[in-house]
Amino acid sequence: MEYNFREIEAKWQKFWHENQTYKTNNSDNRPKYYILDMFPYPSGAGLHVGHPLGFIASDIVARFKRLQGMNVLHPMGYDAFGLPAEQYAIQTGRHPEDTTRENIARYRQQFDRIGFSYDWSREIRTCAPEYYKWTQWVFLQLFHSWYNCDKQKAEHIDSLIAHFEQEGFNDDLHRYLTGDIEHDLKPFSASDWKQFSEKEKSDVLLNFRLAYLSEAWVNWCPAMGTVLANDEVKDGVSERGGYPVERKRMPQWSLRITAYAERLLSGLDTIDWSESMKEAQRNWIGRSEGTSLKFQLDGHAQSIEVFTTRPDTIFGVSFLTLAPEHELVDQITTAEYRNAVSDYINEAKKKSERERQADVKKVSGQFTGAYVLHPFTQAKVPVWIGDYVLAGYGTGAVMAVPGHDSRDYAFAKHFALPIIEVVKGGDLSVESYDAKTGELVNSDFLNGLDVKAAVRKAIEEIEKHGIGKGKINYRLRDAAFGRQRYWGEPIPIYFKDGIPCPLAENELPLILPQVDKFLPTETGEPPLARAANWKYQDKYDYEWTTMPGWAGSSWYFLRYMDPHNSTEFVAQEAANYWKNVDLYFGGAEHATGHLLYVRFWTKFLFDIGKIQVDEPAQKLVNQGMIQGTSMVGHVRVERNAGEEEKYILLPPGKAIKDETFHKNYLIDFVEFADGKYFIDQNGAAKTRAKEATFRNYHLSADRIELTPATEKMSKSKFNVVNPDDICDQYGADTLRLYEMFLGPLEQHKPWNTNGISGTYNFLRKFWRLFYDQSGNLLLNDASAEKAELKVLHKTLKKISEDIEKFAFNTCVSSFMIAVNELSDLKCHKRTILEPLVIALSPFAPHIAEELWSKLGHTTSVCLERFPKIDTSYLVEDTFDYPVQINGKMKFKHTASLQDTPAQIEAGILASDEGQKYLEGKTPKKFVVVPGRIVNIVV
RNA sequence: GCCCAGAUGGCGGAAUCGGUAGACGCGCUGGUCUCAAACACCAGUGGAUUCACUUCCAUGCCGGUUCGACUCCGGCUCUGGGUACCA
């Protein structure tokens with residue numbers, strides 16, 4: 001009986017399904033373990049071999065934790081709202097709901113074929129109304145909350161209203177304002193508050209709500225009638241279609257994540273995530289300590305506020321730079337400069353934020369004609385605008401100190417502005433001196449101090465004069481939460497006389513309505529504006545934007561705990577039992593998106609008392625990306641009777657002309673020979689038949705070499721490898737082992753099936769410990785020899801240690817070594833093989849179940865316990881010491897592990913080899929590391 | 001530009017605390033079995049040198065620390081990822 005993976009895998013997948021082997025209960029006397037994968041977006045291309053890498057790893061850990069006697073929660077679901085489905089709907093008219101459902105069905109089939117141990121009764125889909133009802137519910141909680149910075153937690157908005165009713169709002173309470181829109185709010189008294197209209201009250205409260213409506217800068221594409229992400233904009237035009245894009249201020253729903261900046265930062269110290277991941281979040285949050293400082297405008301009532309981390313350089317200020325979008329620019333620009341300024345602003349508008357930040361070399365700016373007065377010297381300081389200053393960061397204005405800031409230096413040099421030295425230590429004729437050490441000069445009351453002391457003194461003086469105060473600033477911005485899209489959660493808000501009003505909880509879910517087209521309206525309103533009579537109580541317009549892709553994923557880990565609850569987002573008992581994720585697997589690319597938002601929502605739900613944990617995941621593991629191999633050819637376009645004919649050319653370097661381009665070619669019909677890749681006429685004909693894109697592609701010779709390139713796996717690059725194909729050919733167990741065997745989990749690596757036969761052979765060899773080639777059972781009940789027990793326990797020890805370290809590649813190696821050694825020992829003993837089957841079951845569950853049943857068991861191997869490791873079999877009494885001469889290994893010397901270094905030294909000196917290598921010389925030094933090595937220095 | 005990660009045979013990779021560099025697998029070479037092939041099994045396989053014993057060179061590059069460095073330190077090159085004119 002040969003190893004027949006097709007039969008075995010189908011049999012056990014059916015068994016697990018019928019017996020609900022992986023169903024998990026929310027109460028149990030075993031310790032809990034929650035292991036989660038970042039759920040996938042169900043794309044039309046299906047799963048490729050890159051997806052399962054993390055899923056297989058987490059499945060191994062989940063199965064291992066079960067064997068260790070834990071109650072394991074290991075669920076899977078779908079992040080099902082998103083742009084690709086909507087884009088497809090725009091092109092084809094098919095409803096995203098239908099295509100998404102089909103894609104999910106395909107994903108599920110592929111998942112099942114790989115033998116994952118998910119509890120599918122807990123599956124969630126973010127696009128299901130039963131799910132997004134609760135996403136909308138969280139939004140309402142955010143809307144009804146404000147951040148009390150005195151208590152450092154979110155509270156119901158009523159406590160703030162009570163405050164206003166008693167005391168109104170004064171300058172002292174400015175500290176409660178945490179977001180980007182604080183400049184607008186003027187003080188008011190308690191009686192003012194009481195006399196405010198509903199609209200006025202609503203506007204005031206929007207400055208505090210954690211979900212709020214405000215104006216925000218976006219990339220607006222008038223031709224498409226929509227807002228674009230930074231990636232969708234290239235060189236000032238939309239990537240799709242090439243339409244002009246400009247920066248525009250639009251009303252936007254935002255979430256006040258900035259209120260949580262400090263806690264998002266300090267919380268990192270409590271979780272076991274990789275240092276690089278934490279660093280990414282720290283850099284994103286970007287805490288900096290400095291001073292806010294007001295510069296009085298010359299001839300205007302207003303002042304310009306700046307934030308600086310270098311108040312010590314206040315006497316080095318030679319100009320101010322405002323972001324072109326700064327609200328004061330229009331008012332302060334003098335008639336003389338009006339045209340130049342508005343030209344500059346128009347140019348800046350065409351650039352995306354990313355583009356403005358990318359070009360470090362090119363300096364641009366424009367003088368406004370206005371001046372501010374230096375707060376200490378009263379000197380007139382010119383006010384410029386420059387696109388290196390971003391409106392969204394700090395106050396959107398910089399006090400420029402060209403002597404000690406390289407960007408300001410470049411700006412000053414370019415426009416011939418004065419450069420003043422205020423800290424000694426550099427040569428300002430060459431470059432700015434940015435270091436934070438040195439003695440202050442040219443700085444009045446700061447002269448003679450070092451930088452640190454000068455910073456303190458400057459803040460002191462600034463505060464004394466009432467022109468500013470010490471402040472902590474964050475780079476983090478509030479998160480834009482509205483999208484001009486159809487395929488997302490509707491925001492549960494309607495507008496009554498211009499006032500945004502929340503739905504009541506019992507009115508949820510607000511179901512996504514049907515629309516005739518998935519496009520903006522002719523007047524540029526979002527797609528939801530097309531929905532017929534989509535009004536609250538038939539009267540009031542609903543909010544037309546939908547939630548962003550990250551909304552549903554910001555709390556999904558909680559829903560898995562209690563996925564079918566129709567009265568609560570999660571039952572208290574379930575939330576208190578599972579608490580948070582013990583081990584979270586996912587890609588590092590989510591560092592500053594999903595992983596920051598989910599931490600924010602978790603802290604918020606903790607604040608309002610809905611859950612007992614304030615971090616979503618205790619430990620995080622990032623798996624690397626599996627890249628694909630693309631076949632790249634050079635293509636030349638020729639016109640033939642009006643029809644374009646494209647020719648794939650001879651090898652690179654020959655006959656390549658200017659008008660050629662690179663084309664990724666289908667890997668399916670490429671021939672591999674002598675380490676090179678070729679396509680011939682036959683392959684080209686098959687390609688034309690298979691993919692419409694290649695209809696007009698021909699070869700310029702009978703056989704052409706293609707160049708391999710390693711890049712991200714993607715349908716459009718024709719380099720996707722489908723796990724189904726591997727399952728067909730080798731089976732799921734081989735796929736699982738091979739993906740783990742490829743290398744360390746976190747590392748990026750190209751997919752290459754060259755070595756897959758090795759893991760397949762290993763499984764067959766394992767099988768042959770039970771059956772000989774003619775199918776006779778070899779298993780026997782003889783008692784085990786010491787050598788066999790040693791192999792077993794050495795392997796068990798290595799496996800359990802390496803799983804904890806997520807070193808799955810070396811786990812597979814050590815299984816291979818064990819099977820090789822047991823084969824050499826001709827060991828077919830139940831006492832050895834039975835524990836080994838259990839240890840293998842997390843990695844290759846199908847074959848493990850089959851052999852477990854062949855061993856005579858009637859229950860699943862998944863329900864067993866991991867075998868106990870007996871290290872006494874591993875103890876040695878002698879050791880083969882490698883003996884080095886001057887650090888180079890020369891020979892081995894066997895000695896008892898009981899021997900003292902002196903005894904070992906004597907033994908080596910007396911041995912033939914010792915004599916030979918020393919040639920009668922006396923060693924200068926004799927190093928003996930017991931149980932490790934000997935090094936003789938001569 | 002800055003931050004993070006990485007670089008080891010023909011290939012994927014191993015080396016857990018500074019201690020035998022190349023485990024394990026692929027590929028390749030030779031052999032056994034076979035009419036032949038496939039499978040399986042056995043042996044070999046970093047490079048140079050040598051008939052051989054041996055010796056030398058080897059973990060991106062250059063230095064350093066150490067009895068001993070893939071591992072630690074300083075400098076550099078390249079690759080991948082992230083990303084801010086962050087004041």
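Just how many % of Cα pairs in chain A lie over 53 Å apart, if you round to the nearest whole percent?
Working: 148152 of 439453 pairs.
Summing the P(r) tail past 53 Å for chain A gives 34 percent.
Rolled with a 1.4 Å probe across the full set of protein chains, the surface gives A:THR334 an accessible area near 50 Å². Using a probe of 1.4 angstrom and keeping all protein chains present, the accessible surface of chain A works out to 45 square angstrom per residue. When nucleic acids and ligands are ignored and a 1.4 Å probe is applied, A:VAL934 ends up with an accessible area of around 0 Å². Rounded to whole numbers, the Karplus 3J(HN,Hα) couplings from phi for segment A:88-96 are 5, 5, 4, 6, 10, x, 6, 5, x Hz, using 6.51 cos²θ - 1.76 cosθ + 1.60 with θ = phi - 60°, and x at Gly and Pro.
For a modelled paramagnetic label at A:ALA787, 7 Å from Cα along Cα-to-Cβ, the residues of segment A:809-845 in reach, with backbone nitrogen under 13 Å, are A:821-828.
Hey, what did segment A:287-474 get for relative contact order, percent, Cα under 8 Å, at least 6 apart?
Numbers: 375 pairs, mean separation 55.8, N = 188.
Taking the mean separation of contacting Cα pairs over the length of segment A:287-474, I get 30 percent.
For segment A:799-888, evaluate the Debye formula with one uniform point scatterer on each Cα (no solvent term) and list log10 I(q)/I(0) at q = 0.16 Å⁻¹, rounded to two decimals. The computed values of log10 I(q)/I(0) come out as -0.79.
Relative contact order of chain A: what whole-number percent is it, with Cα pairs under 8 angstrom and at least 6 residues apart? If you can, show how the numbers build up before the last one.
On the way: 1689 pairs, mean separation 123.8, N = 938.
It comes to 13 percent, rounded to a whole number.
Under 5 Å between amide hydrogens, built in the peptide plane, is the criterion, and for A:TYR41 it picks out A:ASP79 among residues at least 5 positions away or on other chains.
Placing A:THR437, A:THR100 in order of accessible area, with the largest value first and a 1.4 Å probe, yields A:THR437, A:THR100.
Protein chains only, probe 1.4 Å: how do A:SER121, A:SER276 rank by accessible area, largest first?
Reading off the accessible areas and sorting them downward yields A:SER276, A:SER121.
Once the Cα-Cα distance is subtracted from the 0.36 nm per residue extended length, the A:LYS854 to A:ALA379 segment shows a gain of 161.8 nm.
Cα convex hull of segment A:287-474: mean projected area in nm², to one decimal?
On the way: hull surface 40.8 nm².
So the Cα hull casts an average projection of 10.2 nm².
Here is how the number arises for chain A: DSSP H runs of 4 or more residues each give -39500 (n - 2.57), the sum is divided by the residue count, and the result at 222 nm is -9500 deg cm²/dmol.
Placing R0 at 22 angstrom, the Cβ-Cβ distance between A:CYS149 and A:LYS186 gives a FRET efficiency of 0.65 after rounding to 0.05.
Note on segment A:831-936: the alpha carbon radius of gyration divided by the globular reference 2.2 N^0.38 Å gives 1.80.
For the residue pairs A:LYS579/A:LYS610; A:LYS153/A:LYS469; A:LYS248/A:LYS539, the alpha carbons lie more than 22 Å apart in A:LYS153/A:LYS469; A:LYS248/A:LYS539.
Across segment A:876-937, the volume of the C-alpha convex hull divided among the residues equals 70 Å³ per residue.
For segment A:281-294, backbone phi angles converted through the Karplus equation (6.51, -1.76, 1.60; θ = phi - 60°) give residue-by-residue couplings of 5, 4, 5, 5, 5, x, 6, 9, 9, x, 9, 8, 8, 9 Hz, Gly and Pro being listed as x. With both residues required to sit in chain A, DSSP beta bridges show an antiparallel share near 80%.
By accessible area, using a 1.4 Å probe on protein heavy atoms only, segment A:840-914 has 50% of its surface on carbon and sulfur.
How would A:ARG695, A:ARG30, A:ARG310 rank on accessible area, largest to smallest, probe 1.4 Å? If you can, show how the numbers build up before the last one.
Working: A:ARG695 150, A:ARG30 100, A:ARG310 25 Å².
Ranking A:ARG695, A:ARG30, A:ARG310 by accessible area, largest first, yields A:ARG695, A:ARG30, A:ARG310.
Annotation: the antiparallel percentage among DSSP beta bridges lying fully within segment A:287-474 is about 90. Structural size metrics of segment A:385-460, computed from C-alpha coordinates, are Rg and Dmax of 13.3, 36 Å. Axis of helix A:786-804 versus longest Cα principal axis of chain A: the two differ by about 10°, to the nearest ten degrees. Accessible area of A:TYR118 (1.4 Å probe, protein heavy atoms only, ligands and nucleic acids ignored): about 10 Å².
The values are calculated or read from the model by the stated rules, or taken from the named source; none is laboratory data. All figures in this text were calculated on a predicted structure; none of them were measured in a lab. Glycine also receives a Cβ, built like all others from the backbone with ideal geometry; neighbour counts cover every protein chain displayed. Ligands, DNA and RNA are stripped out before the accessible areas are found, and what is left, the full protein with its side chains, is counted by its heavy atoms. Shrake-Rupley method; radii C 1.70, N 1.55, O 1.52, S 1.80 Å.
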